[in-house]
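The values are calculated or read from the model by the stated rules, or taken from the named source; none is laboratory data. Computed from a predicted model, the values in this text were never measured in an experiment. Here Cβ is always computed from backbone atoms with ideal geometry, including for glycine, and neighbour counts include all displayed protein chains. In case anyone asks, the SASA skips ligands and DNA or RNA and just uses the protein heavy atoms, side chains included. Shrake-Rupley method; radii C 1.70, N 1.55, O 1.52, S 1.80 Å.
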Amino acid sequence: MEKKIFSGVQPTGNLHLGNYLGAIKNFVKLNNNKENKCVFCVVDLHAITVSQDPKELKNNIRETVATFIASGIDPKKSIIFNQSQVSAHSEAAWILSCIARMGWLNRMTQFKEKAGKDKEKASIGLYSYPILMAADILLYDSTHVPVGDDQKQHLELCRDIAQKFNNDFKVDDFFKVPEPLIQKEFSRIMSLKDGLKKMSKSELSDLSRINLTDDKDQIINKIKKAKTDPLPLPTTIDDLDKRPEAKNLIGIYASLTDSTLEKSIKEFSGKNFLEFKENLSQVLVDKIIPITVEIKKLLNEKKYLDTILLEGSKKADKIASEKVKKIHEIVGF
Ligand code: AQP
């Protein structure tokens with residue numbers, strides 16, 4: 001069966017190993033399956049829910065496209081575009097915000113985490129962001145949405161919005177109710193400094209993450225400094241449960257080598273972290289540096305990147321504006 005895939009990445013700089021292993025690596029696999037129709041969006045409207053420097057934002061949009069392509073997404077097979085260029089997203093988001101309920105949004109944990117203690121000062125966009133995300137997905141009749149584990153709740157909200165719209169207007173199956181595609185293992189890569197915190201772009205310490213633009217020395221240094229515990233590496237998965245940093249590092253190793261946690265534990269069981277970290281650094285350098293080199297090369301080809309976005313936007317606009325026309329009819333405009 002044909003799958004319609006949609007996913008987005010925010011152009012907020014510092015794309016990192018978590019974005020790669022949790023999302024982009026999966027995008028590449030989906031892009032390579034002939035049965036799938038994929039749309040990968042640089043979600044710049046989402047990015048401005050927190051303050052952005054306009055010049056940096058422009059560069060970050062190009063860097064995100066460069067990362068998609070350097071990782072192996074083929075713009076001939078998949079639609080790649082930036083959200084702001086297809087106005088249907090903003091329009092559908094408004095209409096869907098009249099469908100979504102305050103109570104639903106109030107439960108979103110990511111808003112609570114990102115807004116922090118001073119919720120009054122957070123932008124309204126940050127609060128209503130999951131509705132825009134629902135519009136992004138539903139406009140393309142997406143059947144599957146590959147995301148990291150942190151986006152699971154937003155996807156459930158998207159499903160609720162689709163179902164309520166279909167029920168309210170008695171238009172059975174107008175919005176497809178999408179399925180999340182969350183990897184069973186390695187769907188949440190944690191900070192190198194704290195195994196209980198997600199690896200994140202906005203974390204102040206650069207040592208907490210491997211950026212996809214880091215060079216070999218930076219990668220080796222960050223792994224050397226990554227937090228561990230004093231015990232040797234464990235022998236079973238159960239032993240890892242109380243050792244979040246060890247679990248995260250072995251998980252990263254397993255994901256990069258396309259292995260499983262179990263096999264990777266066997267490979268290093270009883271060894272010390274020094275030896276394991278040398279192996280991990282080597283795998284990271286082998287897998288990530290070719291991507292880094294390609295990103296840097298592509299960033300010098302601004303016209304090429306802009307053309308991909310322009311062509312992608314035209315294709316996306318055709319699909320999304322058709323859907324908005326139908327929404328107008330259903331709503332009674
Ligand atoms: N640590 C992670 N582990 C696994 N997947 C992750 N993703 C993000 N962090 C991890 C997945 O990457 C995709 C794109 O994410 P995004 O651009 O929407 O940004 P985000 O989730 O807001 O990323 P950050 O790094 O966490 O940014 P900040 O610091 O701004 O909060 C998504 O599919 C996401 O699940």
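How many angstrom separate the Cα center of region 266-289 from the Cα center of region 8-25? Result: 22 Å between the Cα centres. For the residues 243, 107, a 1.4 Å probe over the protein chains yields an accessible-area ranking, largest first, of 107, 243.
Please figure out what share of the DSSP beta bridges in the chain is antiparallel and state it in percent, rounded to the nearest 5. DSSP beta bridges in the chain are roughly 10 percent antiparallel. Could you tell me whether region 185-249 comes out rounded, prolate or oblate from its Cα gyration tensor? Rule is a ≥ b ≥ c as square roots of the eigenvalues, rounded for a/c under 1.5, then prolate if a/b exceeds b/c, otherwise oblate. Judged from the Cα gyration tensor, region 185-249 comes out prolate (a/c at least 1.5, a/b above b/c). Placing +1 on the Cβ of each Lys and Arg and -1 on the Cβ of each Asp and Glu in the chain, which of 146, 23, 204 has its Cα farthest towards the positive end of the resulting dipole? Value: 204.
Ligands, DNA and RNA left out, the accessible area of the chain computed with a 1.4 Å probe is 52% carbon and sulfur. With the convex hull of its Cα atoms as the shape, the chain has an orientation-averaged projected area of 17.7 nm².
To the nearest 10, the accessible area of residue 257 is 50 Å² with a 1.4 Å probe. Averaged per residue, the chain has 50 square angstrom of accessible surface, using a 1.4 angstrom probe with ligands and nucleic acids left out. A 1.4 Å probe, protein heavy atoms only, puts the accessible area of residue 50 near 70 Å². Computed over protein heavy atoms with a 1.4 angstrom probe, the accessible surface ordering of 301, 262, largest first, is 262, 301. Counted as membrane-span-like here are DSSP H helices of the chain whose alpha-carbon atoms extend 20 Å or more along the helix's own axis and whose Kyte-Doolittle mean is 0.0 or above; these are 124-138, 273-299.
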